[in-house]
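The values are calculated or read from the model by the stated rules, or taken from the named source; none is laboratory data. Keep in mind that what you see is a predicted model, and the values were worked out from it rather than measured. Here the Cβ is made from the backbone with ideal geometry for all residues, glycine too, and neighbour counts use every protein chain on show.
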Amino acid sequence: MTPFAFTRAAATDEALRLAAAPAARYLGGGTNLVDLMRETVERPATLVDVTALSTAIEPEDGGLRIGAGVRNAALAAHPAVRRDYPVLARALLAGASAQIRNMATVGGNLLQRTRCTYFYDVEGSRCNKRVPGAGCDARDGFNRIHAILGASQACVATHPSDMAVALAALDATVHCTTAQGTRTLPLVDLHRLPGDHPEIETVLEPGELITHVTLPALPDGTRSTYRKVRDRASYAFALVSVGAALRVEDGRIADVRLALGGVAHRPWRATQAEAALRGLPATRASFEAAAAAELAAAVPLRDNGFKIELARRTITAVLAELSGVDA
Amino acid sequence: MPLTVNGATVPLPDDPRVSLLDLLRDTLHLSGTKIGCNQGACGACTVLVDGERIVSCLALAVQYDGRAVTTIEGIADGETLHPLQAAFIEHDGFQCGYCTPGQICSAIGMAAELGRGMPSHVTGDLAATVVLDADELRERMSGNLCRCGAHNGIVAAILDVYGPAKVDQEVAA
Ligand SMILES: Cc1cc2nc3c(=O)[nH]c(=O)nc-3n(C[C@H](O)[C@H](O)[C@H](O)COP(=O)(O)OP(=O)(O)OC[C@H]3O[C@@H](n4cnc5c(N)ncnc54)[C@H](O)[C@@H]3O)c2cc1C
Ligand code: SF4
Ligand code: FES
Ligand code: FES
């Protein structure tokens, strides 16, 4: 690990000031950043611990306001999340282990970096995300876990977060702060596709702090859930995951929000599938057609073609479960 | 409030790179907490911080200023074993024993979570009271690997202490 200075912020303005130091980074639970620092993938000169900031979960405008410092376990256990946003509780509970969920924060979970093994392999692999312009050993390498949607020649990595997929499906808003002021972003616009610059993963400016996330209320009668498919039953990253919220009225799809994990460089809001579903009868045929519409643009790599079929089946199964149609 | 380990005040390391795990093992010579993967993937380094289980390998010691850490060395009551320690012996909850301190600390943290009504990935109804059956237990303990495959004994030992009717969810923590 490269030497660094450790600081702790007691307030937002203090965090912004401390983060103005050269090569400074915010520190949440540290479960991703400390690991990447140990591997020397990340080499910050200063860490600013922001876990004391915004640790509350509060009702707001009929929805929920979630501080960036809230731990993943606390969010999953919160009564309002379990009652009103099961997709979020289930996504959180499907992630990592109980120990890591006790440490990980909402802000850190959103900004955790890819699990592409070449990205981690500082000594042995070429990676455009780690060293811009170096090349990408995953593109023609072992890419079973990599992207099928929105990838580029430069990078085929996926975003590993489960929580972010649920937040994408829930139309969450991210609230951020810099010395210049505050702004809000739809969660689906926080992460970028890799394009020619996979090293730039979000639209955040250097030093920009995530303060909290807000969730709008879901319309009455909406059901939501999260399904994660992985290599073992627990404690593994998603190969494919689906977060969905669905409202059926008189047998027709009145409202649907669908997001996919494990398939792209960002949580993938399935807008094509949603458009295809609205107003249709809630039947298996509708769900299958919508999944096919979304996945029409999918491009398999050498080892990950199975993800296309897996995503198709998982989308269909989740929508069938939520609508009560026989799966 | 300073950092404490098993009740004793401990100075923070000068170098912020020192993990909580390294502080425990290398500085305090509390070698009960084990180092496995050093990347959060095995649970051998699990300790309790203010009663919550964490992996100490991904924790910088300086992050835990003011917190109370409990390790496997701190869970017995003098010469009297913690009930889980006794149950692990009774049920052969280990072979080589390397994962055992992490398993036991993790199970103590799990019981506190159950007491607070924390659901898990396999919980059917997120609003219902959870009953710790073997499925719930395996899911909740999935952050602790055992390379010897002593899982049957581990599950039996933990169910013996924290199984159905053993943890009162209304009263506990
Ligand atoms: C073994 C293992 C298994 C895992 N399995 C899963 C899994 O199945 N599913 C899953 O979703 N995740 C999984 N994870 C990843 C885990 O969820 C993340 O490591 C965790 O959510 C990161 O949160 P943190 O608070 O520890 O972030 P940190 O490591 O502290 O920070 C991560 C990044 O976020 C930045 N940051 C933190 N807070 C803020 C803020 N408020 N504003 C701006 N920037 C900020 C940091 O600068 C850093 O770049 C796993 C991790 C491990 C180690
Ligand atoms: S897929 Fe992206 S992260 Fe992985 S090696 Fe290629 S450039 Fe690096
Ligand atoms: S040594 Fe900490 S989880 Fe493996
Ligand atoms: S008893 Fe040997 S690793 Fe678990």
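Listed values, structure above:
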read-out: Test: residue in region B:94-104 that is away from ligand 4 (no atom under 16 Å from the Cβ) and either closer than 28 Å to A:Thr31 by Cα or touching a His at 6+ places or on another chain (Cβ under 7 Å) (or both); value: no
read-out: Looking only at region A:199-232, and only at residues there that are of a type in the set (Gly, Ala, Ser) and touching a helix residue (DSSP H, G or I) at 6+ places or on another chain (Cβ under 8 Å), the one that is farthest from A:Phe306 (Cα to Cα); value: A:Gly207
read-out: Hey, A:His159 farther than 21 Å from A:Leu187 by Cβ, under 20 Å from the mean Cα position of the chain (by Cα) and part of a loop (DSSP other than H, G, I, E, B) or not; value: no
read-out: Lone unmet requirement of (1) closer than 26 Å to B:Ala150 by Cα; (2) within 15 Å of the chain's Cα centre (by Cα); (3) within 10 Å of another protein chain (Cβ to nearest Cβ); (4) within 16 Å of ligand 1 (Cβ to nearest atom) for B:Ala59; value: (1)
read-out: Residue in region A:81-89 that is part of a loop (DSSP other than H, G, I, E, B), more than 9 Å from chain B (Cβ to nearest Cβ) and under 20 Å from B:Ile108 (Cα atoms) present; value: no
read-out: A:Arg115 more than 11 Å from the chain's Cα centre (by Cα), closer than 25 Å to B:Arg140 by Cα and assigned to a helix (DSSP H, G or I); value: no
read-out: Contacts under 6 angstrom Cβ, first residue in region A:137-153 being not assigned by TED's automatic domain parsing to the domain that holds A:His265, partner surrounded by fewer than 22 Cβ atoms within 10 Å (Cβ to Cβ) and not in a loop (DSSP other than H, G, I, E, B), 6 or more apart; value: A:Ile148/A:Ile308
read-out: Residue match in region B:38-45 (condition: among the aliphatic types (A, V, I, L, M), closer than 30 Å to A:Arg115 by Cα and away from ligand 4 (no atom under 16 Å from the Cβ)); value: no
read-out: Test: A:Gly30 is in a loop (DSSP other than H, G, I, E, B), more than 8 Å from chain B (Cβ to nearest Cβ), crowded, with 22+ Cβ neighbours inside 10 Å and modelled with pLDDT of 95 or more; value: no
read-out: A:Ile145, sole failed condition from (1) closer than 30 Å to A:Gly63 by Cα; (2) within 13 Å of ligand 1 (Cβ to nearest atom); (3) in a loop (DSSP other than H, G, I, E, B); value: (1)
read-out: Residue list for region B:26-44, restricted to those being near ligand 3 (Cβ under 6 Å from one of its atoms) and more than 9 Å from chain A (Cβ to nearest Cβ); value: B:Ile35, B:Gly36, B:Cys37, B:Cys42, B:Ala44
read-out: Verdict on B:Pro11 being at pLDDT 95 or above, in contact with a Phe, Trp or Tyr (Cβ under 8 Å, 6 or more places away or on another chain) and either away from ligand 1 (no atom under 16 Å from the Cβ) or within 14 Å of chain A (Cβ to nearest Cβ) (or both); value: no
read-out: Check on B:Leu114, within 14 Å of chain A (Cβ to nearest Cβ), within 16 Å of ligand 1 (Cβ to nearest atom), of a type outside the set (Val, Ile, Thr) and buried (at least 20 other Cβ atoms within 10 Å of the Cβ); value: no
read-out: Conditions (1) within 12 Å of chain B (Cβ to nearest Cβ); (2) touching a residue at least 12 places away in the same chain (Cβ under 8 Å): number failed by A:Gly62; value: (1)
read-out: Unmet requirement for A:Ile66, which otherwise passes all of (1) over 20 Å from the mean Cα position of the chain (by Cα); (2) not in a loop (DSSP other than H, G, I, E, B); value: (1)
read-out: Qualifying residue in region A:36-56 (condition: assigned to a helix (DSSP H, G or I), closer than 22 Å to A:His265 by Cα and either away from ligand 4 (no atom under 16 Å from the Cβ) or not hydroxyl-bearing (Ser, Thr, Tyr) (or both)); value: yes
read-out: Hey, A:Ala96 within 14 Å of chain B (Cβ to nearest Cβ), touching a residue at least 24 places away in the same chain (Cβ under 8 Å) and crowded, with 20+ Cβ neighbours inside 10 Å or not; value: yes
read-out: Matching residues, region A:118-135, being part of a loop (DSSP other than H, G, I, E, B) and without any contact (Cβ under 8 Å) to a residue 40 or more places away in the chain; value: A:Asp121, A:Glu123, A:Gly124, A:Ser125, A:Arg126, A:Cys127, A:Val131, A:Gly133, A:Ala134, A:Gly135
read-out: Residue in region A:237-245 that is over 30 Å from B:Met141 (Cβ atoms), of a type outside the set (Lys, Arg) and buried (at least 16 other Cβ atoms within 10 Å of the Cβ) present; value: yes
read-out: Test: residue in region B:70-92 that is surrounded by 18 or more Cβ atoms within 10 Å (Cβ to Cβ) and within 10 Å of another protein chain (Cβ to nearest Cβ); value: no
read-out: Total residues in region A:228-255, condition more than 15 Å from the chain's Cα centre (by Cα), hydrophobic (A, V, I, L, M, F, W, C) and more than 14 Å from chain B (Cβ to nearest Cβ); value: 5
read-out: Selection within region A:163-174 - touching a strand residue (DSSP E or B) at 6+ places or on another chain (Cβ under 6 Å) and within 12 Å of ligand 1 (Cβ to nearest atom); value: A:Val165, A:Ala166, A:Val174
